[in-house]
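The values are calculated or read from the model by the stated rules, or taken from the named source; none is laboratory data. These numbers come from a predicted model, not from an experiment. Cβ placement follows ideal geometry from the backbone for every residue including glycine, while neighbour counts extend to all protein chains displayed.
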Amino acid sequence: MAQTGDPKGNGTGGSGQNIKAEFSREPHMRGAVSMARAQNVDSADSQFFIVLSASNFLDGQYTYWGKVTKGMEFMDMVKKGDSSDNGSVSNPDIIVKMQVAADVKE
């Protein structure tokens with residue numbers, strides 16, 4: 001996964017506003033977008049992650065709020081960190097532009 005949304009850029013930042021968890025049955029397949037959190041399920045804040053490959057072990061444990069519909073090839077180019085260092089990357093890539101679109105079904 002690729003995680004972002006930390007205003008400090010070191011993995012510890014946020015707005016200070018905890019968001020109550022809203023779990024769903026949506027599977028964490030490639031392109032899923034969910035809120036990152038600490039041990040407390042209601043501790044999500046500004047950080048979120050995009051799943052790079054199927055990660056069903058995350059299902060029902062994180063607030064899934066969307067999916068990448070275009071541009072996953074750019075996610076594949078994001079720097080990958082070493083799993084032994086919790087995926088940390090020095091000089092990480094940054095989001096330059098992102099759009100969130102609502103899918104209204106009636």
Just to verify a result, which residue in region 1-33, among those that are closer than 14 Å to PHE48 by Cβ and hydroxyl-bearing (Ser, Thr, Tyr), is surrounded by the most Cβ atoms within 10 Å (Cβ to Cβ)? THR4
Considering only residues that are at pLDDT 90 or above, out of contact with any Asp or Glu (no Cβ under 9 Å at 6 or more places or on another chain) and either under 19 Å from HIS28 (Cβ atoms) or of a type outside the set (D, E, K, R) (or both), which ones fall in region 72-106? MET72, PHE74, MET75, ASP76
Given (1) surrounded by 13 or more Cβ atoms within 10 Å (Cβ to Cβ); (2) within 24 Å of PRO92 (Cβ to Cβ), THR69 misses just (1)
Which of the residues spanning region 51-89 are touching a Gly at 6+ places or on another chain (Cβ under 9 Å) and part of a loop (DSSP other than H, G, I, E, B)? VAL51, LEU52, VAL68, THR69, LYS80, GLY81, ASN86, GLY87, SER88, VAL89
